[in-house]
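The values are calculated or read from the model by the stated rules, or taken from the named source; none is laboratory data. Keep in mind it's a predicted model, so treat the numbers as computed, not measured. With ideal geometry, Cβ positions are generated from the backbone for all residues, glycine too; neighbour counts draw on all protein chains shown. Just so you know, the surface numbers come from the protein's heavy atoms only, side chains and all, with ligands and any DNA or RNA stripped out. Shrake-Rupley method; radii C 1.70, N 1.55, O 1.52, S 1.80 Å.
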Amino acid sequence: MTTDAPRRSEAADWRIDSWQSRVATQQPNYPDASALQATLGKLSRLPPLVTSWEVDALRTHLADAQAGRAFVLQGGDCAESFADCTPDIITNRLKVLLQMSLVLVHGLSTRVVRLGRFAGQYAKPRSADLETRDGVTLPSYRGDLVNAPEFTPEARIPDPRRLIEGHANSAMTINFVRGLVDGGFADLHHPEYWNLSWMPHSPLAKAYRERVESIGRSLRFMETLAGQEIHEFNRVDFYTSHEALLLYYEQAQTRLVPRKPGHYNLSTHFPWIGLRTADLDGAHVEYMRGIRNPVGVKVGPGVSPDGLRALCDRLDPTHEPGRLTLISRMGSDKIAEGLPPLIEAVRDRPVLWMADPMHGNTISTGNGLKTRPFERIQAELLSAFEVHQAHGSRLGGVHLELTGEDVTECTGGARQLSETDLERAYRSNVDPRLNYEQALEMALTIVDRCGT
Ligand code: PEP
Ligand code: MN
């Protein structure tokens, strides 16, 4: 692990491990400290998953979104799992994100920055340390990076070998995504590559097909004028993101890069701080303030205007464009009241506001399943657009939990999924995700609201 003296851009009192003298919540209790240290040593010598050039490029794209020149689409699983590191699941998720971004590019007439919640979204914060079922109490599942979801004492023991497995699965995922994108899978000339087998039967198929045809006509028109194929449309960029929760893992992937100022977290382009770990004086904020990556923070209804300003001062003291993204997740019933004072509080700063309409709208069904009504998610998203507009601010992106699979985890949407439908294909180990169709419907909602 690198512990050089701080470089020019770093605060004098920040070190790669200075977070260790703060309170770090949501960390696993590893039973064998020496096994953990050996694993971290190995992890810190493995190649990084992303490069500093990509991280810097993303910061510039996020600055563009702040300035109103792009819209950010961030999406993926609540919790990736090692078992889902398969070509089909990765490709289907990519297809949905590409379809959604096509709808947004076309409907908003703007560039779209694509940010996956993938290739590292393996660690989960939990509201309770313990879980009880039928009178048996065990440690909670904290994501595949920590332990396993099965409800047995062995599965729930935190195992440091999972840190290496998580890194390997992230590398396989990002390698496959890069290969697909570079090979032409994301070519706007070929949106048929992204068709999902169940699409023809979808109630949304017509609206989507119309957009695809219209974008095809525009492309042909522009290329006729240019007299050649426009290669910018042949590929798109994909960036990765995950919640930076397990700080030993993040530290081991944090590196100094030749000829660049400061440390980069090279396990992902865009790490974010979750709601439960956004304490101003806690370890997560301490770690994140010192890295060069653009960073996100979830902002919930409990955050005060002064608290938010203090967080912004800590994470972005120099007001650097693209550095800080605030992701509001208020709940559809709280956003209209809760968001305006927060917008006011940071008006003089170059923050990018995004909306996560998922996490404030989780409820339990009579059968004890966690779900999110599509209508509430949609209502929070629409309110976010409205509130920003009414306060002279701009919503620059959306953060969604979604999958390319035909799951039934959120109720409602075009197919009007009911609570009974949830039992048919509920696969998430943690939070309920939009399925491919509900995700596409959310993109159509955005362009209906804001489209040109
Ligand atoms: C999440 O994004 O999966 C999550 C746990 O969100 P939050 O921190 O906003 O609750
Ligand atoms: Mn979640």
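Only one residue of Leu188, His319, Ser81 has its Cα farthest out toward the positive end of the dipole of the chain, where Lys and Arg carry +1 and Asp and Glu -1 on Cβ, and that residue is His319. Sorting the segments 395-408, 191-204 by their residues' average number of neighbouring beta-carbon atoms within 10 angstrom, most packed first, yields 395-408, 191-204. Amide H contacts of Tyr239 (H built 1.01 Å from N, in plane; Pro and chain starts excluded): Arg114, Leu115, Gly116 sit under 5 Å, all sequence-distant by 5 or more or on other chains. Sorting the segments 421-429, 248-256 by their residues' average number of neighbouring beta-carbon atoms within 10 angstrom, most packed first, yields 248-256, 421-429.
When only the Cβ of Lys, Arg, Asp and Glu is charged (+1, +1, -1, -1), the dipole of the chain relative to its Cα centre reaches about 880 debye. The trypsin sites (Lys or Arg not before Pro) of the range 1-105 that meet both conditions, a loop assignment by DSSP and at most 13 other Cβ atoms within 10 Å of the site Cβ, are Arg7, Arg8, Arg69.
Label-to-label distance, Ala38 versus Tyr426, with points set 7 angstrom from Cα along the beta-carbon direction: 4.1 nm. Taking 7 Å steps out from each Cα toward its Cβ at Thr365 and His319 produces label points 5.0 nm apart. Look at the dipole of the range 335-452 built from charges on Cβ: of His399, Leu422, Leu444, the Cα furthest out on the positive end belongs to His399. Computed from backbone phi, the HN-Hα couplings of the range 22-32 come to 10, 6, 9, 7, 6, 9, x, 9, 6, x, 10 Hz, rounded to whole numbers (Karplus: 6.51 cos²θ - 1.76 cosθ + 1.60, θ = phi - 60°; Gly and Pro given as x). In this Cβ point-charge picture (+1 for Lys and Arg, -1 for Asp and Glu), the range 93-160 has a dipole of about 600 debye about its Cα centre. With each label modelled as a point 7 angstrom along the Cα→C-beta vector, the Leu280-Asn29 pair spans 3.1 nm. Solvent-accessible area of Phe151, all protein chains in place: 50 Å² (probe radius 1.4 Å, heavy atoms, ligands and nucleic acids excluded). Principal semi-axes of the equivalent ellipsoid, √(5λ) from the alpha carbon gyration tensor of the range 70-129, are 26, 15, 7 Å from largest down. Here's how it looks for Gly296: its modeled amide H is under 5 Å from those of Trp272, Ile273, Thr325, which are all 5 or more places away or on a different chain. Stokes-Einstein D for the range 173-281 at 10 °C, 1.306 mPa s, Kirkwood Rh over Cα pairs, in µm²/s? After rounding, the answer is 89 µm²/s.
Computed from point charges on the beta carbon alone (+1 for Lys and Arg, -1 for Asp and Glu), the dipole magnitude for the range 275-370 about its Cα centre is near 280 Debye. Shown is the FRET efficiency for Leu130 and Glu192, computed with R0 = 56 Å from the Cβ-Cβ distance and rounded to the nearest 0.05: 0.70. Rounded to the nearest 500, the 222 nm mean residue ellipticity of the chain from helices alone is -11500 deg cm²/dmol, with -39,500 (n - 2.57) taken per DSSP H run of at least 4 residues.
Quick one: grab the alpha carbon gyration tensor of the range 296-404, order the square roots of its eigenvalues as a ≥ b ≥ c, and give me rounded if a/c is under 1.5, else prolate or oblate depending on whether a/b is larger than b/c. Prolate shape, in that a/c is at least 1.5 and a/b is the bigger ratio. Taking the charge dipole of the chain about its Cα centre, with +1 at Lys and Arg Cβ atoms and -1 at Asp and Glu Cβ atoms, the residue from Ala336, Asn265, Thr371 reaching farthest to the positive side is Asn265.
A convex hull fitted around the alpha carbon atoms of the range 1-123 yields 176 Å³ per residue. Rounded to 0.05, the FRET efficiency of the Leu219 and Arg69 pair, given R0 = 25 Å and the Cβ-Cβ distance, is 0.75. Computing Rg and the Kirkwood Rh from the Cα coordinates of the chain gives a ratio, Rg/Rh, of 0.95.
Taking amide H atoms as placed 1.01 Å from N in the peptide plane, the amide H of Leu434 lies under 5 Å from those of Glu401, Leu402, Thr403, each 5 or more residues away in sequence or on another chain.
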